[in-house]
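Student: Before I ask anything, here is the structure I am working with.
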Amino acid sequence: MPVKTVSEELVNVAGASGIALDGYDPVAFLVDAKAVNGSPFISAEHHGATYLFASEEHKRVFVEDPEKYVPQFGGFCAYGVALGKLFPVDISTWQVRGDKLYLNLNSDILKEFNADFDGYVAKAQKKWPALLRGHGKG
């Protein structure tokens, strides 16, 4: 699984392209409440990963406050992070809770994650620093 590491950050990206979120617009998840493909002609870098946007306005909003829009746990499966593992994601599992974007491996894992959302998020927040230390120096 491709992993981009820059300054102690860990981002799930697509191979050598370095594109995060499988090319989906990170702002659209929170602003439009849907998954929208980004354009390869409208992009911005954050923590060494390239994010694509559906519009220049979305890019502007992202650049002003990228941490508001990037997915939690570097875009890796939130349930996997709660287990101390880095799993890829299926973009169709996206959800926004508390103005934060979460992704999971597949729909079955999403159901498990949501069965104890707060508990798994708390576990993932505890495990994330160790994953950064273990994988965060590329």
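Student: How charged is the neighbourhood of Lys127? Take every other residue with its Cβ under 14 Å from the Cβ of Lys127, and add Lys/Arg as +1 and Asp/Glu as -1. Don't skip to the answer; put the middle values down first.
Tutor: Numbers: positive: Lys85, Lys123, Lys126, Arg133; negative: none.
Residues near Lys127 contribute +4 overall.
Student: Here is a further query. Quote to one decimal, in nm, the extra length available between Gln125 and Ala33 on full extension: 0.36 nm per residue of separation minus the C-alpha distance between them. If you can, show how the numbers build up before the last one.
Tutor: Numbers: separation 92, 0.36 × 92 = 33.12 nm, distance 2.42 nm.
Full extension from Gln125 to Ala33 adds 30.7 nm.
Student: Could you pull out which residues in the stretch 13-45 have an amide N less than 16 Å from a spot 7 Å beyond the Cα of Lys68, following the Cα-Cβ vector?
Tutor: Answer for the stretch 13-45: 26-33.
Student: Here's something else I'd like to know. On average, how much accessible surface per residue is there in the chain, in Å², for a 1.4 Å probe, leaving out ligands, DNA and RNA? The partial results should precede the final answer.
Tutor: On the way: 6960 Å² over 138 residues.
Roughly 50 Å² per residue, with all protein chains present.
Student: Quick one: Cα centre-to-centre distance for the stretch 92-138 and the stretch 18-82, in angstrom?
Tutor: Each part reduced to its Cα centre gives a spacing of 16 Å.
Student: Continuing with the same structure: Specify whether the C-alpha gyration tensor of the chain places it in the rounded, prolate or oblate class, a ≥ b ≥ c being the square roots of the eigenvalues: rounded for a/c under 1.5, otherwise prolate if a/b is larger than b/c and oblate if not.
Tutor: Values: a/c = 1.77, a/b = 1.26, b/c = 1.40.
Oblate, because a/c is 1.5 or more while a/b does not exceed b/c.
Student: Percent of accessible area on the chain owned by carbon and sulfur, 1.4 Å probe?
Tutor: Details: 3550 of 6960 Å².
For the chain, the apolar C and S fraction of the accessible surface comes to 51 percent.
Student: Enumerate the calculated ³J(HN,Hα) couplings along the stretch 128-133 in order (Karplus 6.51 cos²θ - 1.76 cosθ + 1.60, θ = phi - 60°), each rounded to whole Hz, writing x wherever the residue is Gly or Pro.
Tutor: Computed from phi, the couplings for the stretch 128-133 are 4, x, 5, 5, 4, 5 Hz.
Student: Oh, and also: Between Rg and the Kirkwood Rh of the stretch 86-138, both from Cα atoms, what is the Rg to Rh ratio? Mind showing how you got there, number by number?
Tutor: On the way: Rg = 11.9 Å, Rh = 12.1 Å.
Ratio value, two decimals: 0.99.
The values are calculated or read from the model by the stated rules, or taken from the named source; none is laboratory data. Quick caveat: nothing in here was measured; it's all calculated off a predicted structure. Positions of Cβ are generated from backbone atoms using ideal geometry, with glycine treated the same way; all protein chains shown enter the neighbour counts. In case anyone asks, the SASA skips ligands and DNA or RNA and just uses the protein heavy atoms, side chains included. Shrake-Rupley method; radii C 1.70, N 1.55, O 1.52, S 1.80 Å.
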